[in-house]
Amino acid sequence: MGMVRAVFSGNSQGPASSLDHGTTRTAPDRDEVHNAQEAALAGSTSTTGQPGGDTYSEHLGHVIFITAAAAMGGFLFGYDSSVINGAVEGIRGKFEPGSSLLAQVVAAALVGCAIGAAIAGRIADRIGRIRVMQIAAVLFAVSAVGSALPFALWDLAMWRVLGGMAIGMASVIGPAYIAEVAPPAYRGRLGSFQQAAIVTGIAVSQLVNWGILNLADGDQRGKLLFGLEAWQVMLGVMVIPAVLYGLFTFTIPESPRFLISVGRDDQAKKVLAEVESDQVDLDARVAEIKEAMRREHKSTFKDLLGGGGFLFLPIVWVGIGLSVFQQLVGINVIFYYSASLWQSVGIDPTSSFLYSFTTSIINIIGTIIAISLVDRVGRRPLALVGSAGMALSLGLVAWAFSARTGTGKNIKLPDTEGTVALIAAHSFVLFFALSWGVVVWVFLGEMFPNRIRAAALGVAASAQWIANWVITVSFPTLSDWNLSATYVMYACFAVLSIPFVLKFVKETKGKTLEEMG
């Protein structure tokens with residue numbers, strides 16, 4: 001989930017940014033942006049002839065539709081990332097892989113994510129943002145069909161990689177497109193559509209999985225639905241939102257920034273009039289975008305190296321640390337394995353799927369809390385509260401799981417420990433969502449100096465994908481070894497994140513991006 005947060009957090013601070021990962025720009029003073037937005041909302045006119053709130057409002061409904069259509073990529077991002085949760089036990093029963101091999105199949109999508117995210121920007125700069133959305137929609141659809149009809153484990157892994165590539169592309173293209181078409185006064189709020197779409201996609205995937213399991217009378221493999229086993233239907237249903245996403249892309253305009261970059265100024269003016277106002281000084285807006293593009297600085301990996309030659313600058317290591325800690329607390333175990341996790345401690349399949357859905361709802365609630373508080377109380381306080389809450393919750397989960405008794409299908413938790421495990425797991429998701437799930441990407445969008453921001457973000461995001469992969473691949477083996485000890489380890493990482501934030505992470509609330517240099 002991380003990559004999307006990086007893009008929309010950074011883009012919400014200033015002018016629409018390039019999709020090229022090696023590009024940054026000097027952002028305007030945050031107070032100037034805020035004042036400009038206040039003026040627009042009050043109905044005044046900017047120096048470039050941009051109209052006020054009343055004129056924006058006339059076009060706002062259309063812009064919201066465009067934003068929602070583009071954010072369908074975020075919905076599929078969340079859906080495809082977590083739908084595998086419901087299929088894990090079915091895959092285990094069908095192909096009988098060991099825990100390590102099963103983990104590789106689950107984590108295969110992360111390989112595709114890294115590839116898709118790496119290539120999306122440059123492809124979009126060549127053929128346009130809409131075409132990349134359409135490619136991602138096709139990949140999502142093909143991956144859904146292929147994952148539902150695998151003939152071998154390696155075959156399923158291949159379709160997972162393909163779906164991961166679509167996730168990676170959606171993680172870059174959706175929020176960047178939204179930032180490029182949104183009127184300045186509404187850019188931050190419209191940018192939040194992408195994150196809302198992601199957490200909604202996660203929740204809907206778990207609700208659909210639960211519904212399919214109920215149709216199959218709680219049996220993932222025994223009762224066929226539409227000629228397929230229940231777990232296959234779970235993976236295949238994603239073709240429906242994928243097709244909708246593809247159809248929506250034919251109803252929205254190309255990004256004005258891309259049109260200007262390829263010399264199609266007249267078409268760019270039409271789109272700007274469509275999303276901002278036909279009363280805008282279109283020539284001035286085009287000139288403004290061209291000037292912003294001219295000022296862009298191409299940051300490179302070399303810019304990140306410190307005096308030691310092969311060592312990164314200290315600020316880059318801090319960004320890497322934030323990314324890694326975000327994953328090492330084990331949050332994606334909940335979204336990839338929670339159904340299997342609950343079944344492993346004696347909870348019946350139908351209930352385990354329901355709990356996967358309820359944790360997704362908690363994730364949405366926590367995200368809304370974080371968005372509402374991050375600019376009020378600051379980033380560091382939220383991160384510290386989240387770390388303490390996660391550490392306590394994970395410790396309680398570890399204690400509860402230590403009471404597991406029995407073997408095979410006779411595993412169970414005592415009533416008290418079972419209740420504690422359920423409450424603590426939901427509490428863990430809540431504390432993560434209201435803190436590290438959001439603030440890490442706000443930090444990464446703000447903490448780096450302008451001259452290295454894009455390259456440093458790329459390194460930090462890569463570190464997150466790697467840490468995500470490590471946790472995803474290792475969990476089945478670790479849980480087979482000792483489930484309680486595994487959660488003790490995640491709790492330790494949550495505890496260690498507290499001194500890390502206190503010592504190395506500086507508050508960025510209220511500071512301009514220029515002050516980060």
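The values are calculated or read from the model by the stated rules, or taken from the named source; none is laboratory data. In this text the structure is predicted, and so the values were computed from the model without any measurement. Positions of Cβ are generated from backbone atoms using ideal geometry, with glycine treated the same way; all protein chains shown enter the neighbour counts. SASA here: full protein model, heavy atoms, side chains in, ligands and nucleic acids out. Shrake-Rupley method; radii C 1.70, N 1.55, O 1.52, S 1.80 Å.
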When every protein chain stays in place and a 1.4 Å probe is rolled, Arg404, Arg131 sorted by accessible area with the largest first are Arg131, Arg404
By the mean-Cβ-within-10 Å protection proxy, highest first, 321-330, 470-479 rank as 321-330, 470-479
Rounded to the nearest 0.05, FRET efficiency between Phe226 and Val385 (Cβ-Cβ, R0 45 Å) equals 0.45
Between Asp348 and Asp480, the FRET efficiency computed from the C-beta separation at R0 = 22 Å comes out, to the nearest 0.05, as 0.60
Once phi for every residue in region 426-432 is put through the Karplus expression 6.51 cos²θ - 1.76 cosθ + 1.60 (θ = phi - 60°), the whole-Hz ³J(HN,Hα) values, with Gly and Pro written as x, are 5, 5, 4, 4, 4, 5, 5
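In terms of solvent-accessible area of protein heavy atoms at a 1.4 angstrom probe, what is the ranking of His426, His62, highest value first?
His62, His426
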Length gained if Arg376 through Thr419 is fully extended, taking 0.36 nm per residue and subtracting the Cα-Cα distance, is 12.1 nm
In vacuo Debye sum over C-alpha of region 69-171, base-10 log of normalised intensity I(q)/I(0) at q = 0.10 Å⁻¹, listed in q order, is -0.27
With no solvent term and unit scatterers on the alpha-carbon positions of region 372-517, Debye gives log₁₀ I(q)/I(0) at q = 0.16, 0.19 Å⁻¹ of -0.93, -1.17
Within region 216-257, DSSP-loop chymotrypsin sites (Phe, Trp or Tyr not before Pro) with at most 11 other C-beta atoms within 10 Å are Phe226, Phe250
Label model pair Ser100, Trp154: point-to-point distance (7 angstrom along the Cα→beta-carbon line) in nm is 1.8 nm
Checking rank on 169-176, 205-212, with mean other Cβ inside 10 Å and highest first, the result is 169-176, 205-212
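Express the relative contact order of region 370-517 as a whole percentage, based on alpha carbon pairs under 8 Å and six or more residues apart in sequence.
Contact order relative to length: 41 percent.
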